[in-house]
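J.: To start, I am sharing the structure in question, which I have written as structure tokens.
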Amino acid sequence: MFSTNPPLGLYIHLPWCERKCPYCDFNSHQVETLPEQEYVDALLNDLEQDLPLVWGRSIDSIFIGGGTPSLFSAAAIERLFSGLRALVNFAPAIEITLESNPGSADAANYRGYREAGVNRLSIGIQSFDDRQLVKLGRVHDGDQARQAFDTARSAGFDNVNLDLMFGLPAQDLRAARADLEQAIALGPEHISHYQLTIEPNTLFYHRPPADLPDDETGWLQQCACESLLEAGGYRQYEVSAWSRERRESRHNLNYWHFGDYLGIGAGAHGKITLGGENRVLRRVRQRQPRAYLETAGRDSIVSETELAPADLCFEFMLNALRLKEGFPTRLFHENTGLALDMVLDELKTARDRGLLESDAARICPTETGFRYLNDLQALFLTPEKRGREPIFDTGQIIIHN
């Protein structure tokens, strides 16, 4: 049974982008006409429909992802936040993140976003190397990437994340280090540093680059870049997330802690705890933007699933074990409503294999467990689900920082 509801976040999906990148498997669509007013109306209608699920709860963090949210004008974002504030309570120290691409960085819009209440900007740099940016299908170059960061600072953002990839086509160790050195030199508060992966339903999956680094090269790049980040004053707190002190992404920490979040917008996912009913729901909205616009506020939910105890155990561990320092043991009961006894056998197996360490206060992956995280997480699958695809599509979560 739940003693209290977990913290609550809000994810808002803006699905349009200037051009679909060949590696991107998110729900993003190349823009033709941007229906700003209609889409903001749909988002607010959706949120209003969900209010009975979260009466009396405050929003601790908001993340606006995409797509490319910075295609939306400052006026549209201001109108969105005016509507949000009329519907839900914002926690006093709420974190509000908006994703931006350097190709759509605009000084007036950045100032407008800041005035609207956005206090954290996440810029999708991916690389400073013009040749790599062309291969990745990005619409900006290295100079625009650097300028986007300067524009964010000039607009008053003192909390900025930069997304950066390694393991890029024909990228050697020197080039991977050079990319990261440029990011560190800018001095952002947060860096999301992750390896290019080839995902199904992407152009790269059907036409893979012929010159991707092999596993050994990718591992050497990862190790060298981790050393650079540590030397630069960044601390790794999650698989791909590095931050200055107390500058972690609070919205993402809520995901990793298996907290609750409303999801509004085309294809958005949500997870809501109904503590009084001892239930946890996963909800998914219409994926196609036009279908979403036609159903928002009425029946945009296309899937609603009540999580069984075994699924709660696995999903909690799937998320919480991504944290390098693990999690307090009490959090398992607080955010699943279940006793830790449910996973004692799996915890013992993980400890025996050297993948996990634990005591009465904290459960934490070992260095080996963190390196072989998939193997560690798989231990918490029920036997009938082992060897199959994970039951939880992390969808809009793991790349957004």
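J.: On full extension of the chain, what length is gained from residue 34 through residue 372, given 0.36 nm per residue of separation minus the C-alpha to C-alpha distance? Working shown, then result.
T.: Values: separation 338, 0.36 × 338 = 121.68 nm, distance 4.25 nm.
Roughly 117.4 nm would be gained on extension.
J.: Given springs between every Cα pair under 10 Å in a Gaussian network model of the chain, which of 365, 69, 35 has the largest fluctuation?
T.: The residue that fluctuates most here is 35.
J.: Of all the accessible heavy-atom surface of the chain, with the other protein chains kept in place and a 1.4 Å probe, what percent is carbon and sulfur? Each step should come with its number before you reach the end.
T.: Working: 8160 of 17130 Å².
In the chain, the share of accessible area belonging to carbon and sulfur is 48 percent.
J.: Could you tell me the ratio Rg/Rh of the stretch 216-375? Both radii from Cα atoms, Rh via Kirkwood. Mind dumping the intermediate values first?
T.: Details: Rg = 18.4 Å, Rh = 17.8 Å.
Rg/Rh for the stretch 216-375 comes to 1.03.
J.: Which value, in debye to the nearest 20, describes the size of the charge dipole of the chain about its Cα centre when Lys and Arg Cβ atoms bear +1, Asp and Glu Cβ atoms bear -1, and nothing else is charged?
T.: Details: 40 positive and 57 negative charges, 60 e Å.
In debye, rounded to 20, the chain gives about 280.
J.: Provide the net charge surrounding residue 87, with neighbours chosen by a C-beta distance below 10 Å and charges set as Lys +1, Arg +1, Asp -1, Glu -1.
T.: Details: positive: 85; negative: 48, 50.
Overall, the nearby charge balance is -1.
J.: Then there is this: Grab the Cα-Cα distance for residue 89 and residue 340, subtract it from 0.36 nm times how many residues apart they are, and report the gain in nm with one decimal. Before the final figure, lay out each step's value.
T.: On the way: separation 251, 0.36 × 251 = 90.36 nm, distance 3.24 nm.
Additional length available on full extension: 87.1 nm.
J.: Identify the residues of the stretch 84-104 with backbone N under 19 Å of a label point that sits 7 angstrom from the Cα of residue 199 along the Cα-to-Cβ direction, or state none.
T.: Within reach of a label on residue 199: 98-102.
J.: Consider just the alpha-carbon atoms of the chain and return their Rg together with their Dmax, both in angstrom.
T.: According to the Cα coordinates of the chain, Rg and Dmax are 20.7, 57 Å.
J.: No partner Cβ under 4.7 angstrom, meaning no disulfide-compatible partner by this rule: which Cys of the chain qualify?
T.: 17, 223, 225, 313, 364
J.: In the chain, what is the count of Lys pairs whose alpha carbons are under 22 Å apart, counting only pairs at least 8 residues apart or on separate chains?
T.: Working: 20/135; 271/385; 324/348; 348/385.
Pairs that pass both the separation and distance tests number 4.
J.: With a 10 Å cut-off between alpha carbons and a GNM built on the chain, which of 190, 29, 13 moves the most?
T.: 29
J.: Between rounded, prolate and oblate, where does the stretch 230-293 land on the alpha carbon gyration tensor, with a ≥ b ≥ c its root eigenvalues, rounded for a/c under 1.5, else prolate if a/b exceeds b/c? Can you show the working numbers first?
T.: Values: a/c = 4.04, a/b = 1.68, b/c = 2.41.
Verdict is oblate for the stretch 230-293.
J.: Considering only protein heavy atoms, what per residue accessible area in square angstrom results for the chain with a 1.4 angstrom probe?
T.: Ligands and nucleic acids excluded, the result is 43 Å² per residue.
The values are calculated or read from the model by the stated rules, or taken from the named source; none is laboratory data. What you see is a predicted model, and the numbers here were worked out from it, not measured in a lab. Don't worry about glycine lacking a Cβ; one is built from the backbone with ideal geometry, like all the others, and counts go over all protein chains shown. Areas reflect the complete protein model, heavy atoms only, side chains present, ligands, DNA and RNA absent. Shrake-Rupley method; radii C 1.70, N 1.55, O 1.52, S 1.80 Å.
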